[in-house]
1. Could you check how many residues of the stretch 125-142 are open to solvent by 70 Å² or more (accessible area, probe 1.4 Å) and either of a type in the set (V, I, T) or modelled with pLDDT under 90 (or both)?
2. For the condition within 20 Å of the chain's Cα centre (by Cα) and open to solvent by 100 Å² or more (accessible area, probe 1.4 Å), what is the one hit in V122, V47, V80?
3. Report, by residue number, each residue of the stretch 87-119 that is out of contact with any Phe, Trp or Tyr (no Cβ under 9 Å at 6 or more places or on another chain), surrounded by 13 or more Cβ atoms within 10 Å (Cβ to Cβ) and modelled with pLDDT of 95 or more.
4. Are any residues in the stretch 62-77 over 24 Å from the mean Cα position of the chain (by Cα) and either surrounded by fewer than 10 Cβ atoms within 10 Å (Cβ to Cβ) or free of Cβ contacts under 8 Å to residues at least 24 places away in the same chain (or both), and if so, which ones?
5. When you check V37 against the structure, is it surrounded by 11 or more Cβ atoms within 10 Å (Cβ to Cβ), touching a strand residue (DSSP E or B) at 6+ places or on another chain (Cβ under 8 Å) and in a helix (DSSP H, G or I), yes or no?
Amino acid sequence: MSQVKIGCVYCPPPPQEHPFGEGKHDWKMHPSWTAGVDALNTYSEWVSAVVLPIAFQWIEEHKEEVYKTVPDELRDDVGVVIAAAFKLIQELEAYKNGLAKRTDYEAAAANEPEGRAKINPVWTGIAKKIRACTEDAFEEQSAVLGDPSE
């Protein structure tokens, strides 16, 4: 997934084709490796197409302040600009409040694990379903694959 800036503007990437050609190479590697690469590719695409445009909108709204510390020759370097913006974010109240809330959450979660059910329930459900489907798929083939833990 490309992460490109031109003239201090983030250029969201076009929809990408799967790097393996949508299953054309499933036979080559262990299915867990293939699924992992697929998942990382999906995550990278989400970051490039959704998260970075949000970040660069904030950067655009704070352009003068962000670019004040960025050398001219690095103004289109995504990593350098994100690092400069992050230094600014770390000084803002929302970030500091988030750090305090994380500390509170970790203390509460140690004593009240059921409180985690409210955090990212959609992602949690998807992750559990993917994990269960993977386990089921391997279980269906256990007669020929065996159980590596035995």
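The values are calculated or read from the model by the stated rules, or taken from the named source; none is laboratory data. Keep in mind that this is a model prediction, so the values were computed, not measured. FYI the Cβ positions are ideal-geometry reconstructions off the backbone, even for glycines, and counts take in every protein chain you see. Surface areas here come from the heavy atoms of the whole protein model, side chains and all, with no ligands, DNA or RNA. Shrake-Rupley method; radii C 1.70, N 1.55, O 1.52, S 1.80 Å.
1. Residues meeting the conditions: 2.
2. V122
3. L88
4. Selection gives E64, E65, K68, T69, V70, P71, D72, E73, L74.
5. no
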